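The structure under discussion appears below in the form of structure tokens.
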Amino acid sequence: MSSFVGYANYFAVIILMMGGLYVIFSTSNLIKRMIGLSILQTSVGLFYITTSKVFGGTVPILIDEDDPARAELASRLDPAYFESAAYDGVVYSNPLPHVLILTAIVVGVATLAVGLAIAVRVREAYGTVEREEIERKDRIRHAHESYEDELDETEASEADA
Amino acid sequence: MADVLFWIDQLGMALALAGGILSVIGSLGVLRFPDLYTRLHAASITDTGAATLMLFGLALMAGFSQEALKLLIAWAFVMLTSPTASHALANAAWSSGQKPKLGAFSLMSGKREPAEADTASGEKGGAP
Amino acid sequence: MTEYAPHLDTNTIVNFGLLAMLLAVLVAIVRTRSLLAAVLLMGIYSLISAVWFVVLDAADVAFTEAVVGAGVSTAFLLGAILLTRTESLTKRWQDMVMPGLVCVGAGVLLFYAALDLPLFGDPSAPANAHVGRFYIEETKNDVGVPNIVTAVLASYRGFDTLGETIVVFAGGIGVALMLGFGERSMGDLPPALRSPVMEALAESDHHVVLRSVAKLLIPIIALYAFYVQFHGEVGAGGGFQAGVIFAVAVILHALIFGLADTMDAIPPELARAFAALGVLLYSGVGVINMINGGNFLDYDHLFPLAFEAGLPGSHLSGGYHHWGQHFGIIIIELGVLFTVAATMIAMFYAFAGRAADVVGEGARG
Amino acid sequence: MIDFTSLIVAPPELTRHAAALLVLGPLVASCAAALSPNGRWAWIISFLASAFSFWMALALTGEVAREGVIVYAMGGFEPPYGISFRIDWLGAMFALLLSSMAMIAAAYSGYSLNAEILEGKRTLFQAGFLLCLAGLLGMTSTGDAFNAFVFLEISSIGTYALIGVGASRDRRALPAAFNYLILGTVGATFYVIGVGFLYAAAGTLNMADLASRLPALEESRAAEAGFAFIMVGLGLKAAMFPLHGWLPSAYAHAPSLMNVFLSATATKAAVYLMVRFAFDVFPPDSIIVERFMIWVMAPLAGVAAIVCSTQAIFQTELRRILAFSSVAQVGYMMLAIAVASGAGIAAGLLHLTAHALMKAALFMAIGGVTLSVTGLRLSDFNGAGRTAPWTMTPFAIASFSLLGVPLTMGFLTKWRLIEAMLGDAYYWAVAVIAISSILSLFYVGRMLEVLFFQPAQTGKNRIREAPLGALIPLWVLTVATIWFGIDGRMVEYIADSAATAVLGGVE
């Protein structure tokens, strides 16, 4: 039992990460690939936060000496355990991974915005956001020696479609 | 005195539990009702009713403190936003040509009968 | 000291419940073909993650995930699918084998490695005992703010946060390079060039209820942003969250009253200037620290030492106030607010103001 | 012996903060560039900022020569509690390489942006370029594993859009940029996963602290998985062989400034982090590193050197040829690094420097004539060497360096590569380099044949000389290639010191 509780979080988070990765590589739709990327990044956040949790801990915001919440938090825990884990009478969770993941979330949204902006431009240039269709159009156009002349024709047919 | 506090705590728990049960019923409604309007009805009852019960229950459990005040402010926001959201959703559905399947309303000719063109644009799924 | 053995408590049970929900949402995202559904499910995924973060004591992360992941990310994605398409192609099963194998392989490797990690919740795990523990014990003496996450974010690892602000700025530059600043939505355009987002908004003219509620809410949201901003030292919150919330207020205004009105109030040029200004403000604090004899971003040297010792209750003269740290954190959080809010607004302008799809537009740049 | 301390030409107040200022200069300048009124101002800011970085890099090198290792604690918090920059000979070498290449690229950008980018976007382009530089410099100076991720992302996010801007010439730049974004972000995320495992196992993010705690975790599978994920993630960024899919298209369609700058720096910074993690953070004699080098890195690098050289032969577009050749050259570096001896790492680093110089020159020459060339295919460049000799002679010299012709830097580094491999009895690797060199003879020969021996185009298709703004940086690179080919003592000394510093561990 204790080993299940000890590792289940890691396993669940790893499945979530790999699910995100699967979405990225299995779809050809650019927007959906960005969604997969977001899920991958969020799930990495879940992994970091899993490592930061201290059993019976509380949010790492220092609690005042005379706050009644202290006694209540302490009363929930086994005294021997409390003794080993507490600092200054309170068990705090580890703040460092929180900071790292805050950073990672913000990095994630910046990447998402740039990726979507490029996807919108791809749509404007190719008329589609499916990777396979884009590759097909590139093959058609660049297979010809004098593609400059053909440029207008393909453009026109794309506009119809 | 301690007795009163104890019962207030119990009442809070009961309210929160009632809220929880209401959300389960509400989500059942979202799954089982036949069309958008009835589903929206179920969803918005969950949003407002269940949230009210839960937030008030939690406020009672928190006692007379800053937390209780925050919960009440959160409740005020929920009461403001979620009916508006439901209204906007229903309005958008109606103007893009969705007709209710149930009730006398479907037999009435609404004041703004959706036009043919609107129906077409609605089916593209582009309208937010 | 006894060996740590995790057992189930309420917290852990709720944690498992939320993880199960996340798995279910993930399966739905993998299976759905509708992009609209996928985007909304991603918002739900972020929101559940945020709740999960609260359960695991990461209040600041939860706050950020809620406003960023479930808020602006979803808004950007919706804007993008409005500009592209709403359905993805069906896939042949052959195309799913290779990615599936790669993911299963990497997953098995991680499973195998995870069995060597410390148990969940162990207070004596290296991660929680070494550097992490130091922050809990020393924040009071070094920085003197109650919120340890803010202390680590803004002071101990303030350089990371500068980097993070710059990443946002870089993202803004990237979006502007790709889509411009939304200039095309301004002025009179032929119908063919009008932005679909704006078209959709024009239809919402009759939303009286929406408008009146929004008029009520937008100032409160903006006010709340400032509360979050200045409350960050004592509670969850800070420049990032505040910046995004402020941007959301502006985005809401644009969605309901039209982009042109919003652009009158906050012109794209202003957003661009503020984005750069925020970064300059942040690094300016660091430069002042260097001039006053400290290292880069050492807020203890924000004021000349003699000056700080003279301030009431200064830690240099026996008190407990780290005035340099306090003011340093306030200023850099302000810089973060400027950059994040301005960049998010500029990004929204770029997506919302983008002209209707013009094939071959790429060739014109 | 060369006296490196004489390189400190900055006042001591600046030298004390040189590590921070190295990165801060381009960061602040990028804000200034974003706010500047027009492209010309942005160009001046960009050049001055990269020159400032170079100045600081010189000061740093002097300091490193004097003191060995510089640790600069950001925020005044000592490592491992705060973030610190930690610069040894390896870091100094990369600071010099990146900032000097950036300075040359910035000089070139004045011409290149005028030719390729719309006026409205030039200020933003320069801002993005400076952010990219700052990110790369931060990556190679930081002593904190997570901070390196933040800088990795700063450099990448700018780069994605800058590649996409190439759409004004060829719309294929857009899918290329998108693909790079996806793979680059997956790589960065893998790196974060790896760092997360190391953090969970060792409890710290500081590289020096990790290095002191990892030997105790020799058997830990978590640390091993962390290592594997970090290497895969960085391998994606460095275009290590099976993970190089994004590189050819990204290079082929990017604006020429990005071609020049990326080929000279971006993959190199990732290689730096790989070396740092494999030999400095992890104990170089640990089983996982040894196995990884012998069974993964060396074979893949060997395959890359041969397969990608072959692929380069069959490309029809000039930039693509050079892009595939880049992947093959990354293979050479990896092969040398996989030898895992001091001589091997030094040879790898030397080759990396030589490759930066010659690839930048090659792309710069192509970019220089881009205004008057009608297409992208090799045949569009027919006879360019005849009508534009000042632009194409450097191209030829850089190609000779690519082949390893004596009197160029390429010869020196190939010599060192082979010496290092023979020293550790990697005979098959020597054979790989020989075969790959023969293959590169084909594609280099093909390029030179088209450029110099095909009849020149006339009339409106006539290929004209590049303007002076492009020629000066081009010739600076060419002279450097020849100079270091004749007298390579300085770079050799730096590379040898860097290899010693890395293998020497923490001290």
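Taken together, the values in this text are just the output of simple stated rules run on the coordinates, not laboratory data. As the structure is a prediction and not an experimental result, all values here were calculated from the model. Glycine also receives a Cβ, built like all others from the backbone with ideal geometry; neighbour counts cover every protein chain displayed.
In percent, how large is the relative contact order of the range D:286-507, given Cα pairs closer than 8 Å and 6 or more residues apart?
With pairs under 8 Å counted, the relative contact order is 28 percent.
Apply 1/(1 + (r/R0)^6) to the Cβ-Cβ distance of D:ARG489 and A:ASP138, taking R0 = 35 Å, and write down the FRET efficiency to the nearest 0.05.
Result of the calculation: an efficiency of 0.15.
Quick one: if the Förster radius is 30 Å, what FRET efficiency do C:MET21 and C:VAL102 give, using the C-beta to C-beta distance and rounding to 0.05?
Calculated transfer efficiency: 0.70.
Under unit Cβ charges (Lys, Arg +1; Asp, Glu -1), what dipole magnitude, rounded to 20 debye, does the range D:286-507 have relative to its Cα centre?
840
Suppose every Lys and Arg Cβ carries +1 and every Asp and Glu Cβ carries -1, with no other charges. What dipole size does the range C:144-357 come out with about its Cα centre, to the nearest 20 debye?
So the magnitude is around 100 debye.
If N is the number of residues in chain C, what value comes out of its Cα radius of gyration divided by 2.2 N^0.38 Å?
For chain C, the normalised Cα radius of gyration is 1.16.
Provide the per-residue ³J(HN,Hα) series for the range A:76-93, in order, calculated from phi with Karplus coefficients 6.51, -1.76, 1.60 and θ = phi - 60°, each as a whole number of Hz, with x at glycine and proline positions.
Listing the rounded values in order: 7, 10, 4, x, 5, 5, 4, 4, 6, 9, 7, 10, 6, x, 9, 8, 9, 6 Hz.
Could you compute the net charge surrounding D:THR310? Neighbours are other residues with a C-beta less than 14 Å from the C-beta of D:THR310; K and R count +1, D and E count -1.
Every neighbour counted, the sum reads +2.
Can you check what the net charge comes to around C:ASP116, using other residues whose Cβ is under 9 Å from the Cβ of C:ASP116 (Lys, Arg +1; Asp, Glu -1)?
Summing Lys and Arg as +1 and Asp and Glu as -1 gives -1.
Please list, ordered by chain and number, the residues whose modelled amide H lies under 5 Å from the amide H of A:LYS53; skip anything fewer than 5 residues away on the same chain.
C:GLY121
For a Förster distance of 51 Å, can you work out the FRET efficiency between the beta-carbons of B:HIS41 and C:GLU138, rounded to the nearest 0.05?
So, using R0 = 51 Å, E works out to roughly 0.40.
Running Debye on the range D:22-162 with equal point scatterers at the Cα sites and no solvent, what base-10 log of I(q)/I(0) appears at q = 0.10, 0.22 Å⁻¹?
Result of the Debye calculation: -0.34, -1.27.
Find the relative contact order for chain D and round it to a whole percent, using C-alpha pairs within less than 8 Å whose residues are 6+ positions apart.
Numbers: 919 pairs, mean separation 73.6, N = 507.
Result for chain D is 15 percent.
Just subtract the alpha-carbon distance of C:ASP261 and C:TYR112 from 0.36 nm times their residue separation and send over the number in nm, one decimal.
Full extension from C:ASP261 to C:TYR112 adds 48.0 nm.
Sequence gap at least 6, Cα distance under 8 Å: using those rules, report the relative contact order of the range C:24-150 to the nearest whole percent. Kindly include the intermediate steps, with their values, before the conclusion.
Working: 72 pairs, mean separation 25.7, N = 127.
Relative contact order comes out at 20 percent.
Have a look at the range C:1-45 and give its Rg and Dmax from the Cα atoms, expressed in angstrom.
16.1, 55
What would the Debye formula give as log10 I(q)/I(0) at q = 0.17 Å⁻¹ for the alpha-carbon point model of the range D:167-308, no solvent?
For the range D:167-308, the Cα-only Debye profile gives -0.93.
Which value, in debye to the nearest 20, describes the size of the charge dipole of chain D about its Cα centre when Lys and Arg Cβ atoms bear +1, Asp and Glu Cβ atoms bear -1, and nothing else is charged?
The calculation lands at about 1840 debye.
How many nm separate the modelled label positions at D:LEU48 and B:SER65, each set 7 Å beyond the Cα in the direction of the Cβ?
5.7
For every other residue with a beta carbon closer than 13 angstrom to the beta carbon of C:GLY239, add +1 if it is Lys or Arg and -1 if Asp or Glu, then tell me the sum.
-4
So how compact is chain D: Cα radius of gyration and Dmax in angstrom?
Answer for chain D, Rg first and Dmax second: 21.4, 72 Å.
Students often get this wrong, so check it: of D:LYS414/D:LYS460; A:LYS32/D:LYS359; D:LYS121/D:LYS460; A:LYS53/C:LYS140; D:LYS237/D:LYS414; B:LYS101/C:LYS215, which have C-alpha atoms separated by over 31 Å?
Checking Cα-Cα distances, D:LYS414/D:LYS460; A:LYS32/D:LYS359; B:LYS101/C:LYS215 exceed 31 Å.
How far apart, in nm, are two points set 7 Å out from the Cα along the Cα-to-Cβ line at A:GLU72 and at D:VAL296?
4.9
Once amide H atoms are built 1.01 Å from N in the peptide plane, which residues 5 or more positions from D:SER84, or in another chain, come under 5 Å H to H?
D:MET74, D:GLY143, D:ASP144
I want to verify the translational diffusion coefficient of the protein assembly as shown in µm²/s; compute it with Stokes-Einstein, Rh as the Kirkwood radius over Cα pairs, at 25 °C and 0.890 mPa s.
Once the numbers are plugged in, D ends up at 79 µm²/s.
Full-extension gain between D:VAL405 and D:VAL479, please, as 0.36 nm times their residue separation minus the C-alpha to C-alpha distance.
Taking 0.36 nm per residue and subtracting the Cα distance, the gain is 25.1 nm.
Provide Rg and Dmax in Å for chain A, with only Cα atoms included in the calculation.
Calculated on Cα positions, Rg and Dmax stand at 25.7, 82 Å.
I want to verify the translational diffusion coefficient of the range C:24-139 in µm²/s; compute it with Stokes-Einstein, Rh as the Kirkwood radius over Cα pairs, at 4 °C and 1.567 mPa s.
74
What Kirkwood Rh does the range D:211-266 have if only Cα atoms enter the pairwise 1/r average? Answer in Å.
Working: mean 1/r = 0.0740 Å⁻¹.
Value: 13.5 Å, from the Cα pair sum.
Give me C:TRP52, D:TRP41, C:TRP93, D:TRP295 ranked fewest to most by other Cβ atoms within 10 Å of their Cβ, as a rough exposure proxy.
Sorted ascending by nearby Cβ count, the order is C:TRP93, D:TRP295, D:TRP41, C:TRP52.
Using only the alpha-carbon atoms of the range D:138-183 as identical scatterers, what base-10 log of I(q)/I(0) does the Debye formula give at q = 0.27, 0.28, 0.30, 0.33 Å⁻¹?
Log10 of I(q)/I(0), two decimals: -0.85, -0.88, -0.95, -1.05.
Under the Kirkwood approximation applied to all pairs of distinct alpha-carbon atoms, what is the hydrodynamic radius of the range D:327-476 in Å?
After inverting the pairwise mean of 1/r, the radius is 16.3 Å.
Enumerate the residues in the range D:322-357 having an amide nitrogen under 18 Å from the point lying 7 Å beyond the Cα of D:ALA434 toward its Cβ.
D:332, D:336
Hand me the trypsin sites (Lys or Arg not before Pro) from the range C:4-112 located in a DSSP loop with no more than 15 other Cβ atoms within 10 Å, in residue order please.
Qualifying residues, ordered by number: C:ARG33, C:LYS91, C:ARG92.
Can you find, among D:LEU300, D:VAL327, D:THR353, the residue farthest towards the positive end of the dipole of the range D:286-507? Put +1 on the C-beta of Lys and Arg, -1 on that of Asp and Glu.
Checking the options against the dipole of the range D:286-507, the answer is D:VAL327.
Please give the direction-averaged projected area of the C-alpha convex hull for the range C:218-260, in square nanometres with one decimal.
2.8
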